[in-house]
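Reading through the structure tokens given below for one structure.
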Amino acid sequence: MENQISKIKPADRLASVSEYYFSKKLKEVARMNAEGKDVISLGIGDVTRPLPPAVITALHTAVDEMASSASFKGYGPEQGYEFLRHAIAENDFRARGVEIAEDEI
């Protein structure tokens, strides 16, 4: 059987397949951490734990809003909702001493 398998020619398209994106990124993050850089991971996440209750509540609320024509929002504005850009500026940037205009988000 092994002899027959060795006769199979791999598809040409395999030559263009590269390393898995996240494995490359994890190596890069490890290198940067080793250099003493503070890296905030926005990787693939941890799917080994259940959703927190706050996320479940928010998802249920969003689904309920989308189920009614009175509260249905459809696509959001191209630049994002103003309330959300404000919250991101306040809680993710200004709270850490980084000044940013909301239109930069």
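The values are calculated or read from the model by the stated rules, or taken from the named source; none is laboratory data. All of these numbers come straight from a predicted model, not from anything done at the bench. Methodologically, a virtual Cβ is constructed for each residue, glycine included, from the backbone with ideal geometry; neighbour enumeration extends over all protein chains shown.
Worth pointing out:
- For the stretch 54-76, filtered to residues that are under 20 Å from the mean Cα position of the chain (by Cα) and of a type outside the set (A, V, I, L, M, F, W, C), the residue that is farthest from residue 105 (Cα to Cα) is 75.
- When residue 74 is tested against (1) surrounded by 11 or more Cβ atoms within 10 Å (Cβ to Cβ); (2) at positive phi, only condition (1) is not met.
- If the condition is being part of a helix (DSSP H, G or I), exposed (fewer than 10 other Cβ atoms within 10 Å of the Cβ) and among the hydrophobic types (A, V, I, L, M, F, W, C), then the stretch 83-98 contributes 83, 95.
- Selection status of residue 26, surrounded by 10 or more Cβ atoms within 10 Å (Cβ to Cβ) and under 18 Å from the mean Cα position of the chain (by Cα): yes
- Every test in (1) exposed (fewer than 10 other Cβ atoms within 10 Å of the Cβ); (2) in contact with a Phe, Trp or Tyr (Cβ under 6 Å, 6 or more places away or on another chain) is passed by residue 52 save one, and that test is (2).
- Pairing each residue of the stretch 28-53 that is on the phi > 0 side of the Ramachandran plot with any residue that is modelled with pLDDT of 90 or more and β-branched (Val, Ile, Thr), provided the two are 6+ apart or on different chains, yields no C-beta distance under 6 Å.
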